[in-house]
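J.: Here's a structure for you.
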Amino acid sequence: MTPGRPSGRPAPVSAPAPAPDPTAEQATKDAMSNATTVSPAHSAHTASTLITNIAALVTNDPSSGDGSPLGLIQDAAVVIEGDRVVWTGGSSKAPATDNRVDAGGRAVLPGFVDSHSHLVFAGDRTQEFNARMSGRAYSAGGIRTTVAATRAATDGQLEANLLRYLDEALRQGTTTFETKSGYGLTVEDEARALRIAARHTDEVTYLGAHIVPPDHADDPAAYVALVTGEMLDACAPHARWIDVFCEKGAFDGDQARAILTAGRAKGLLPRVHANQLSHGPGVQLAVELDAASADHCTHLTDADVDALANSATVATLLPGAEFSTRAEWPDARRLLDAGATVALSTDCNPGSSFTSSVPFCIALAVRDMRMTPDEAVWSATAGGAAALRRTDIGRIAPGARADLTFLDAPSHVHLAYRPGVPLVGEVWRRGARVV
């Protein structure tokens with residue numbers, strides 16, 4: 001599933017045709033809601049919209065365009081009806097439609113799919129980051145600092161914070177996001193985090209097994225019993241996924257297996273924080289339990305790589321964490337060459353990766369993880385969709401949800417070629433222009 005290397009043909013960049021904007025607050029809430037049902041037609045006839053004069057269209061449909069995994073179409077057009085894509089192809093072959101939008105010679109790609117984030121929290125850890133970057137020892141408590149702030153925050157404060165970061169992400173092209181609990185670590189606080197998250201996305205993950213909180217430090221077994229018992233009962237109705245931090249200092253392989261198995265019995269699908277800080281059982285456990293994703297994958301044995309390459313478990317790489325901690329980079333090249341499916345995500349959280357920018361993570365992956373620009377873009381779109389086991393997002397093809405990111409550039413390669421530049425000029429979500 002490694003993308004090929006099609007070359008883009010530059011075209012002039014011009015401003016897009018104007019369109020009405022939704023009101024700001026409701027736009028943020030509606031635009032970032034990840035409901036997957038098809039919008040009802042406004043009438044017996046759903047208006048169609050042609051987006052044309054696209055310099056380069058990334059479809060992630062290998063049956064289209066140049067035949068690569070990116071399915072790149074030059075001088076392209078897209079037709080949308082309602083919230084779905086109904087046609088893609090060359091501009092000269094576009095069918096007649098009710099409406100027409102000129103892309104102005106820009107590149108268009110699927111909306112980014114951020115399949116790993118931690119957005120329900122309060123406070124920040126500026127002092128911790130500053131100390132780490134200054135080479136000073138710091139012992140303010142790490143995750144425990146955020147747990148204390150999150151427990152003290154009101155529901156309104158947590159939701160306002162969540163919406164702030166969702167708006168940031170949307171303006172940078174993210175149209176689908178997953179987010180986790182994990183900063184409450186009590187029955188009440190984990191459940192309320194998930195209730196808040198579920199108002200804004202279907203991709204909600206129960207992460208009661210983030211760390212053992214201080215109030216259970218002397219009896220980790222009792223905390224595992226809580227996570228797999230009363231806390232799970234309270235949280236399962238609000239989540240799709242269950243996750244565990246399988247790592248030294250967090251949860252070992254046996255504890256992680258018990259937690260994920262209990263979640264699966266409640267209908268939650270597994271994903272795993274695996275092999276971030278050291279070699280360990282996380283990746284093998286993820287594959288054993290058919291987890292959708294093993295996330296981080298920084299320290300891998302040959303057996304781990306082979307297991308991922310021969311399974312449906314996606315290796316989700318999170319370069320923002322390595323950037324923010326000056327840790328060893330995951331070797332994406334090794335995974336891709338072995339045939340593993342790779343996703344890229346932000347891991348947005350206040351401690352180890354405080355970025356909501358998928359374009360930034362794409363640039364890091366190309367520069368420091370040995371990915372090609374094509375591979376990085378595929379992994380941040382179709383790869384993220386695979387990590388969520390979704391087929392309706394991460395691509396621009398008939399039947400897919402009409403989530404589009406327009407770049408103020410003629411090629412998707414500019415995401416890595418011009419790092420740090422705000423290239424996302426326009427975002428469409430479910431067929432509507434939201435940025």
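J.: To the nearest 0.05, how large is the calculated FRET efficiency for Arg164 and Ala303 if R₀ is 35 Å and r is the Cβ-Cβ distance? Show your work: numbers first, answer last.
T.: Working: r = 42 Å, r/R0 = 1.20.
According to the calculation, E is roughly 0.25.
J.: Follow-up. Would you grab the residues whose amide H sits under 5 Å from the one on Val101? Only those 5+ places off in sequence or on another chain, please, with H modelled 1.01 Å from N.
T.: The list, which skips near neighbours in sequence, is Leu50, Ile51, Thr52.
J.: Roughly how many Å² of Met371 are accessible to a 1.4 Å probe, to the nearest 10?
T.: Probe radius 1.4 Å; accessible area of Met371 about 10 Å².
J.: Mind giving me the nanometre distance, one decimal, between the label points for Lys266 and Thr325, set 7 Å out from Cα along Cα→Cβ?
T.: It works out to 2.6 nm between the two label points.
J.: What distance in nm separates the simple spin-label points at His45 and Arg418, each placed 7 Å from Cα in the Cβ direction?
T.: Output for this residue pair reads 4.0 nm.
J.: Next question, about the same structure. For region 107-170, calculate the relative contact order in percent as a whole number, restricting contacts to Cα pairs under 8 Å that are 6 or more residues apart. List each step's numbers first, then the result.
T.: Numbers: 36 pairs, mean separation 26.9, N = 64.
Result for region 107-170 is 42 percent.
J.: Can you bin region 129-220 into rounded, prolate or oblate? Criterion: square roots of the alpha carbon gyration tensor eigenvalues sorted a ≥ b ≥ c, rounded for a/c under 1.5, prolate for a/b above b/c, oblate for the rest.
T.: Numbers: a/c = 2.08, a/b = 1.24, b/c = 1.68.
Oblate.
J.: Something else now. How many Å² of accessible area per residue for region 159-303, probe 1.4 Å? Walk me through the numbers on the way to the answer.
T.: Values: 4890 Å² over 145 residues.
Computed with neighbouring chains in place, this is 34 Å² per residue.
J.: Let me ask another. Express the relative contact order of the chain as a whole percentage, based on alpha carbon pairs under 8 Å and six or more residues apart in sequence. Don't jump to the answer; show the numbers that get you there.
T.: Working: 1074 pairs, mean separation 87.7, N = 435.
Dividing the mean separation by the residue count of the chain yields 20 percent.
J.: Counting just the Cα atoms, what span does region 59-171 cover along each of its three principal axes? Round to the nearest Å and put the largest first.
T.: 62, 35, 24
J.: Given a cut-off of under 8 Å on Cα pairs at least six residues apart, what relative contact order in percent is computed for region 282-435? Provide the component values of the computation, followed by the final result.
T.: Values: 283 pairs, mean separation 27.4, N = 154.
Value for region 282-435: 18 percent.
J.: Multiplying the sequence separation of Ser278 and Met133 by 0.36 nm and subtracting their Cα-Cα distance, what value in nm do you get? Please list the in-between numbers first.
T.: Details: separation 145, 0.36 × 145 = 52.20 nm, distance 2.12 nm.
So the chain would gain 50.1 nm between Ser278 and Met133.
J.: Then there is this: Which of the aspartates and glutamates could be linked to Lys266 by a straight reach, that is with a Cα gap under 13 Å, when you skip same-chain ones fewer than 8 residues away?
T.: Glu230, Asp233
J.: Given the whole protein assembly as supplied and a 1.4 Å probe, what does the accessible area of Thr150 come to in Å², nearest 10?
T.: Only protein atoms counted, so the area is about 10 Å².
J.: Follow-up. For a Förster distance of 35 Å, can you work out the FRET efficiency between the beta-carbons of Ala96 and Asp392, rounded to the nearest 0.05? Don't skip to the answer; put the middle values down first.
T.: Working: r = 26 Å, r/R0 = 0.75.
Efficiency, rounded to the nearest 0.05: 0.85.
J.: With everything on Cα atoms, drop me the angle between helix 253-265 and the longest principal axis of the chain, reported from 0 to 90° to the nearest 10.
T.: Helix 253-265 sits at roughly 60 degrees to that axis.
J.: Please list, by residue number, every one of the trypsin sites (Lys or Arg not before Pro) in region 100-186 that is coil in DSSP and has at most 15 other beta-carbon atoms within 10 Å.
T.: Details: sites: Arg100, Arg106, Arg125, Arg132, Arg136, Arg144, Arg151, Arg164, Arg171, Lys180; in loops: Arg125, Arg136.
Loop-located and lightly packed - Arg136.
J.: Build a GNM of the chain with springs between Cα atoms under 10 Å: which of Ala387, Ala148, Ala303 gets the top mean-square fluctuation?
T.: In the Gaussian network model the winner is Ala303.
J.: Give the carbon-plus-sulfur fraction of the accessible surface of the chain in %, rounded to a whole number; probe 1.4 Å, heavy atoms of protein chains only. Can you show the working numbers first?
T.: On the way: 8630 of 16370 Å².
It is 53 percent, rounded to a whole number.
J.: Please build a GNM for the chain, connecting alpha carbons under 10 Å apart, and tell me which residue among Ala197, Ala217, Ala122 fluctuates the most.
T.: Ala217
J.: Separate question: If you stretched the chain out fully between Ala312 and Glu230, how much longer would it get, using 0.36 nm times the residue separation minus the C-alpha to C-alpha distance? Each step should come with its number before you reach the end.
T.: Numbers: separation 82, 0.36 × 82 = 29.52 nm, distance 3.08 nm.
Full-extension gain reported as 26.4 nm.
J.: Modelled label-to-label distance, Ala222 and Asp254, 7 Å Cα→beta-carbon offset: nm?
T.: 2.0
J.: Quick one: Karplus J couplings for region 284-289, per residue in order, coefficients 6.51, -1.76, 1.60, θ = phi - 60°, nearest Hz, x for Gly and Pro?
T.: Working through the residues one at a time gives 4, 5, 4, 5, 4, 8 Hz.
J.: Rounded, prolate or oblate: which fits region 330-430, taking a ≥ b ≥ c as square roots of the Cα gyration tensor eigenvalues, rounded meaning a/c under 1.5, else prolate when a/b beats b/c? Please report the intermediate quantities before stating the final value.
T.: On the way: a/c = 1.39, a/b = 1.12, b/c = 1.24.
Here region 330-430 falls in the rounded category.
The values are calculated or read from the model by the stated rules, or taken from the named source; none is laboratory data. Treat the numbers as computed from the prediction; the structure is a model and nothing was measured. Methodologically, a virtual Cβ is constructed for each residue, glycine included, from the backbone with ideal geometry; neighbour enumeration extends over all protein chains shown. Ligands, DNA and RNA are excluded from the accessible area calculation, which covers all protein heavy atoms including side chains. Shrake-Rupley method; radii C 1.70, N 1.55, O 1.52, S 1.80 Å.
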